[in-house]
Amino acid sequence: GENPKSRAAEKCREIQVSAVGEAFATPNRGRVSVVVRSQKETVADSKNSVSRRLDYVIQTLHTHNVKEGDVSTTRSVRRIDGLFHVEAEVLVVFVDLIKCQEVCNFLVEKLDDSVTVSLPCFFHAPHSVDNVRRQACVNAVKNARQKAIEVTRLLRQSLGHPIMIKEEHCHEWEGPAAAQETGNGQEGPMTFQQRLTSGTLNVSVKVLASFELVPREKSKGNKT
């Protein structure tokens, strides 16, 4: 009869390759802080002054279809040197980054310097980060399979079923793909597009994969 050891050895014939896959995503959320301040001799005057500007900010957000759930407001009152300092902060999360910039520009143009509009802070929604990580891993597996196919063709073999796929290393960084180790070296504030680029999430995944190695003649014989 057939030797069980030779049969087992035949089953263990495999090809093992490693490959890297990458994926990236630009930020898809923008956080902006709008601070309204007033200092008056009476707390009522100071509150009224802040309220007028605050109402204008909130109305502007509604006009631009920003959801109420993406807006939070806090207020504080302090007394310094006989004056009442009232401050209100509106924290807004934008899901549309172009609209984010439009709203910031509009508020800066329409309101005086008692209102401070921060530069948008760009970030990634949690589901976006998960998607990039998954896509990088999928790309690595695709690259590993393609490499194995090309090697088996060279050896006049056929690629069988996958035996094992292992994620060996995952590296993540923000910024341009070519600038993992160094900063952008720019002086002064970055532009809108530069800040988007600096917040781009890059993921690189390395996988180790092994596949069955099937003699081409046997593969053809199985098909007939």
Note to self: Please go through region 146-170 and give me each residue that is closer than 29 Å to N202 by Cα and either in contact with a Lys or Arg (Cβ under 6 Å, 6 or more places away or on another chain) or not assigned by TED's automatic domain parsing to the domain that holds R133 (or both), ordered by number.
What the structure shows: E168, H169
Notebook entry, point to check: Where in region 67-126 are there strands (runs of 3 or more DSSP E), lying fully within it, with 2 or more residues that are free of Cβ contacts under 8 Å to residues at least 40 places away in the same chain?
Noted result: 71-80
Margin query: E168 - would you say it is more than 17 Å from Q16 (Cα to Cα) and acidic (D, E)?
Written below: no
Next item on the list: Examine region 66-75 for a residue that is polar (S, T, N, Q) and either modelled with pLDDT under 95 or surrounded by 15 or more Cβ atoms within 10 Å (Cβ to Cβ) (or both), and state whether such a residue exists.
Entry: no
Next item on the list: Report, ordered by the first and then the second residue, all pairs with beta carbons closer than 7 Å, sequence separation of six or more or different chains, a first member in region 137-156 that is closer than 18 Å to A23 by Cβ, and a second member that is basic (K, R).
Entry: A140/K206
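I'd like to check something: does region 30-37 contain any residue that is among the charged types (D, E, K, R), part of a helix (DSSP H, G or I) and closer than 18 Å to D113 by Cα?
Scanning region 30-37, I find no residue that is among the charged types (D, E, K, R), part of a helix (DSSP H, G or I) and closer than 18 Å to D113 by Cα, so the answer is no.
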Note to self: So if I check each of V43, V35, V17, which one is in the same structural domain as L107 (by TED's automatic domain parsing) and modelled with pLDDT of 95 or more?
What the structure shows: V35
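The values are calculated or read from the model by the stated rules, or taken from the named source; none is laboratory data. This is a predicted model, so every value here is computed, not measured. Positions of Cβ are generated from backbone atoms using ideal geometry, with glycine treated the same way; all protein chains shown enter the neighbour counts.
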